[in-house]
Amino acid sequence: MASRNRKAVPEAMSALEQFKFEVANEIGVPLKKGYNGDLTSAQNGYVGGYMVKKMIEAQERKMAGESSL
């Protein structure tokens, strides 16, 4: 089944992929390029949730006038 998710900024796709692998490595999820069907939905959800948390923190810092990460 094809994914219907579209990126709001298609130019950021490679940066988001890199960010996903950095987050997975940081939290200990063995994410690899290609097929990851051996991971549980909880592991995949944890990666996505942690990505959102880090993006919100970065935006809050930016809005508060602080420097980036």
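If you scan region 37-69, which residues turn out to be among the aliphatic types (A, V, I, L, M) and open to solvent by 80 Å² or more (accessible area, probe 1.4 Å)?
MET55, ILE56, MET63, LEU69, listed by residue number.
Considering only residues of region 19-36 that are in a loop (DSSP other than H, G, I, E, B) and touching a helix residue (DSSP H, G or I) at 6+ places or on another chain (Cβ under 6 Å), which is surrounded by the most Cβ atoms within 10 Å (Cβ to Cβ)?
VAL29
Within region 1-12, count every residue that is outside any loop (DSSP other than H, G, I, E, B) and over 18 Å from ALA58 (Cα atoms).
Total satisfying the criteria: 2.
Within the set of pairs 6 or more residues apart or between chains, which connect a residue that is assigned to a helix (DSSP H, G or I) inside region 37-66 to a residue that is surrounded by fewer than 11 Cβ atoms within 10 Å (Cβ to Cβ) and of a type in the set (A, V, I, L, M, F, W, C) with Cβ atoms less than 7 Å apart?
So the pair list comes out as ALA58/LEU69.
The values are calculated or read from the model by the stated rules, or taken from the named source; none is laboratory data. Note that the coordinates shown come from a computational prediction; the quantities given were computed from them, not determined experimentally. Cβ coordinates were reconstructed from backbone atoms using ideal geometry, including for glycine residues, and neighbour counts include every protein chain displayed. Remember, those area values only see protein heavy atoms, side chains included, never the ligands or the DNA or RNA. Shrake-Rupley method; radii C 1.70, N 1.55, O 1.52, S 1.80 Å.
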